[in-house]
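Quick note: the coordinates plus some simple rules give every number you see, no bench work behind them. Please read these numbers as outputs of a predicted model, since none were measured by experiment. Ideal geometry is used to build each Cβ from the backbone, glycine not excepted, and the neighbour counts take in all protein chains shown.
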Amino acid sequence: MSNNFGYLDIILLAMIAGFIILRLRNILGRRTGHQDKVYGGFSEKEFDKFKEKMKSKTKKSQTDFDKEQRREFLKGAEIAYETIINSFAKGDKKTLKDLLTKEMRTNFESAIEERDKNNIKSELTFIGVKSSVVENFEKTATALFFTVKFVSEIISVKRDKNNNIVEGDPDKIKTVIDKWKFTRPTSSSSPNWYLSEIKNS
């Protein structure tokens, strides 16, 4: 009889041990060393939302411009506008090279060479920019574009080889309205913008 009770005790203890092992496995799970990382504080769904939010924030910072950034851009655009106009009048190709896209540089240089060929002298007095405003902002896969409307005042005169006036009036201030399109490659780390197009008003 005692032997029977001994066997029953062993069987009972084995059943209890097996039950405890099963409960522990259910609670803790199996750890193989290859489980995915768990991000504290995030469920899988919440973490996906977080990644999308950060992606959207990064994209916005690269392509959107707030009021302060646009104001700074316009300051630089006004300086570029005055520099380009004066450099073109003087025939200063070197200065123009750093402010124009390749296509615009070709156009400006051709105009300067044609003017020199015809012995035309250009005189320009830049009075100042009366106003400037961003009219359009565009983004493509490779570049950013700002179109700016300038209203400026200048005195412009063209003379022939005999110093006779063939165009303009040295005593008259002329109001000029220009729409210039500036561009910058999205892949460039340089903050420089370049004149890419002069649009008809």
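The residues 122, 87, 110, when put in order of fewest to most other Cβ atoms within 10 Å, stand as 110, 122, 87. Once the convex hull of all Cα atoms in region 68-174 is built, its volume per residue stands at 109 Å³. Here each label is just a point 7 Å from Cα along the line to Cβ, and for residue 66 and residue 131 those points are 2.6 nm apart. A 25 angstrom limit on the alpha carbon distance is what I want to check against. Which of 94/181; 93/161; 90/199; 90/181; 102/174; 90/172 exceed it? Over 25 Å apart, Cα to Cα: 102/174.
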